[in-house]
Amino acid sequence: MGVLAPGLPDWGAARRVLAGAQAYRHAPAVEPKPDALPSAERRRGARTVRWSIAAAQEALRDSGIAAAETASVFASSSGDGETLVQICEALATPAREVSPTRFHNSVHNAASGYWSIASGSRRAAVTLCAYDASFGAALLEAAAQIHAGESAVLLVVYDLPYPPPLLAVRPIAEPLAVALVLCAAARPAALARWRVAAAAETETIAAMPIPELASNPAAQALPLLAAVARRAAARVRVPLPNGCALAVETAP
């Protein structure tokens, strides 16, 4: 696991909070400087790139799996809002000049592309968006890749607050990035075993374990992470688009 959010600088801190061993205390997040990225790429990359890659690095470091050995699935509900606002502001000026760096950071697969550079991976890389159900869609894609023969898949879901004026219509209050490494076979560093299936319509969504982060769509991962942190057998409903859902059975 890899986690980065205000008050949760890493999976170790998140694990204590999600397990109920420690109360959540909001604290401004220290902006990550992932060393996987060359310094020039860190300067050019958007904030979403640095956050997602920092979480990915942590998850892979703890897994003991080389980055180049994993396929990847990156997901964000609405992309890099800061870059989009900058482009819209530039287009509203008489010159209408948009820098090439801002343009390439605006595409939805920017974080995945930077990760491919950082990791040297040539394995399959998927970037997707399903608005507020992006975590569920990414988990379904990653699980499907495992069943199709991939031995390990890195799943990264992230969203950061939009600046004004788009913040008024997309009110994400806090930044959050979560990364998971899913494997086809058990490994010594494994935290849990999951079974992913379609959820019944009657199954309820688990309560959000950290309400302060609930406005961030990536927080849809937190109920599942909480079950892992508690080392409990549980069945967790994960929303998908159009009212559908996954049921994830997790066991230590």
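Data for the structure
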read-out	value
Unique match (being free of Cβ contacts under 8 Å to residues at least 24 places away in the same chain and either under 30 Å from residue 141 (Cβ atoms) or part of a helix (DSSP H, G or I) (or both)) among 57, 86	86
Number of positions in the range 90-106 that are assigned to a helix (DSSP H, G or I) and either within 22 Å of the chain's Cα centre (by Cα) or without any contact (Cβ under 8 Å) to a residue 40 or more places away in the chain (or both)	8
Positions within the range 19-75 being modelled with pLDDT under 85, among the aliphatic types (A, V, I, L, M) and surrounded by fewer than 17 Cβ atoms within 10 Å (Cβ to Cβ), in sequence order	40
Count of residues meeting criterion [in contact (Cβ under 8 Å) with a residue 40 or more places away in the chain and buried (at least 16 other Cβ atoms within 10 Å of the Cβ)] in the range 198-214	5
Residue within the range 130-138 that is aromatic (Phe, Trp, Tyr) and touching a residue at least 60 places away in the same chain (Cβ under 8 Å) present	yes
Residue among 131, 114, 162 that is crowded, with 16+ Cβ neighbours inside 10 Å and farther than 23 Å from residue 60 by Cα	162
Strands (runs of 3 or more DSSP E) lying entirely in the range 135-239 (those with 1 or more residues that are closer than 26 Å to residue 84 by Cβ)	152-159, 176-183, 234-239
Failed item, numbered, when residue 126 is tested on (1) in contact with a strand residue (DSSP E or B) (Cβ under 6 Å, 6 or more places away or on another chain); (2) within 21 Å of residue 167 (Cβ to Cβ); (3) not in a helix (DSSP H, G or I)	(2)
Lone qualifier among 228, 238 - being more than 14 Å from residue 133 (Cα to Cα), among the hydrophobic types (A, V, I, L, M, F, W, C), crowded, with 20+ Cβ neighbours inside 10 Å and under 17 Å from the mean Cα position of the chain (by Cα)	228
Residue, nearest to residue 220 (Cα to Cα), within the range 138-172, restricted to residues that are under 14 Å from the mean Cα position of the chain (by Cα) and among the charged types (D, E, K, R)	159
In the range 170-189, the residues that are surrounded by fewer than 15 Cβ atoms within 10 Å (Cβ to Cβ) and among the small types (Gly, Ala, Ser)	173, 184, 185, 186, 189
Hey, residue 138 loosely packed, with under 15 Cβ neighbours inside 10 Å and either out of contact with any Pro (no Cβ under 9 Å at 6 or more places or on another chain) or modelled with pLDDT of 90 or more (or both) or not	no
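The values are calculated or read from the model by the stated rules, or taken from the named source; none is laboratory data. Not measured: the values here are computed from a predicted model. Counting neighbours? That spans all protein chains shown, and the Cβs are built from the backbone with ideal geometry, glycine included.
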